[in-house]
Amino acid sequence: MKGLITQSGYKTRFVAILLSNKTILEAPDIEERLSNIRRATGLDPKNSLFFLPPNTSRVELASFVTSLLTTLQPICVEYYRELTKHARRKKGRGHIPPPTAPPTKGTSQTLSGPGWQVRYEFKLGVFAEFRQEMDAAGRHYALAFDALLAPDGPFETTPTWSPRWDEYRLLADIIALRLLRCQMWNNITTTSVQAWTTYRERIRDVLNRRGKGSKNYGWAAWESRWARIMADVIEKADLQVFAIPRPMKNADVTEEPSNSIFALPEKAIPVGERLRPWQHLHHPGYWRRLSASYARTRQIMAEDIPEEDRLPPGQSPATSVANRYGTYDTYLCPEPHIESPLPQYGEKGFDHTTDILVPLKQAANDFSVRNQQRWVDKLHLDAGEQLIRAARFNEALEILKPLWERMHWREEGWWLCVRRVCEATSQCAIRAGARDVFVATRWELLSNCKIMQQQHHRNSDLPQTVLYHKSGMKQDFMNCLDVFDEQSSESVKQTIVVHSERTTPFCEQYYEDASKPY
């Protein structure tokens, strides 16, 4: 094996980890066998040959892995430092190196001068990351990104119909992601948000000038994905500012509270500089909420695709397919006939509902652990309304009913939000057959705004019946159950209990002095 490693021509370090089913006490000959292996192979027991005995506890196993990585880290750092020197020497020659193999279709391609600059800067950034020199890696990634979007860079010189265009977009996303990761590693928060925003605007500008624009579902899909990536990077960075304080076992010891909603600017930002609220780095729930919002925009744009563009390729004329290719951006997203298929063809299209619900539920959990209850209620309402649009009424009722029972918007006088919850819950109750919930929500929708104004002394500009707004529903409360199927109605009288603390008051009482003249 040593001869094969030498003949390969690569600088390779061989490390062996031996495992045993018996301990040295159970099999004394193990130690002699280990000595024979060391003498025969020439492996150094300090950094090349390791032995792990059986029945190792989790603590001992973690300690063994830590010591192994500590031993190998200097060797790995030195290896990538040599690769960095080699890449810098090739970059400093100032000319394009000849190809080592003739370019073939689908594999290697010749690069221009800016392309080689992007390649070298990206390699140097990756090597710096392996050495855990994140400052140097960030600088190389920033240079690679600027060269990629330079006036003579690949984005400006590559035709948009070429497959290389999407490859450059993917490379730009990778470089931007790695740059964000380096900044998070160094606890650079505000600058990372500014870099995220700048990259988003520069890519939008390139697409509007040379690509297929940003008014299509492909751009909305990219924005949703990019916001989700930001949330994942923040979560994996494990920043101390977003750590959730946990109760201590010792009552006399208290954990230092942290601002788990957003991060304050780093020291490099001038003290007097005015920053907008969205330029601060917020917790992952903020970005997942943005992702769900962009995913909803994607769904709306997909539903607006004309029917002739939603036909499968075999059912469309060639001119229509060619026009479709030049109109819709399908970078990392499906074609229009899969994005929003026509029902009569029976094709399974993209699941927009799941794409929206997953970040909504994750964002609700993130806001909940930080006691942002208003946002939790808002996200649950959005999730319920999305399930209603997908005709999944039973699932929507499971989310909306607890929200309707415990929402704080009644106490705070947010009547427009109360109306949305009541109308959505009432609509789900009809389809799910929940008559008690339907009656209770219809009862609350008949509440009068004048009574609410007397209780909360605000929102005086609201209409007289602010909660009852949706048309198409019977206003006769005594016959409101007629909307249910007559065959499913029971012959016995039903008893429905409406708790006063869970609903807005429907009527009021007042007294007048009888001796006072009219």
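Every number here is computed from the coordinates shown, using simple stated rules; none is lab data. Remember, predicted model here, so these are calculated numbers, not experimental data. As a convention, Cβ positions derive from the backbone with ideal geometry for all residues, glycine included, and neighbour counts pool all protein chains shown.
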**Report entry** When residues of the range 14-66 are limited to those that are part of a loop (DSSP other than H, G, I, E, B) and of a type in the set (D, E, K, R), the one farthest from Met1 (Cα to Cα)
**Finding:** Glu26
Query - Residue list for the range 317-344, restricted to those being aromatic (Phe, Trp, Tyr) and part of a helix (DSSP H, G or I) - result: Tyr325
Query raised in the report: Applying the selection to the range 45-82, what residues are farther than 28 Å from Glu129 by Cα and free of Cβ contacts under 8 Å to residues at least 12 places away in the same chain?
Result: Pro45, Thr56, Ser57, Arg58, Val59, Glu60
Report task. Filter the range 296-314 for residues that are of a type in the set (D, E, K, R) and touching a residue at least 12 places away in the same chain (Cβ under 8 Å) and give the result. Result -> Arg296, Arg298, Glu303, Glu307, Glu308, Asp309, Arg310
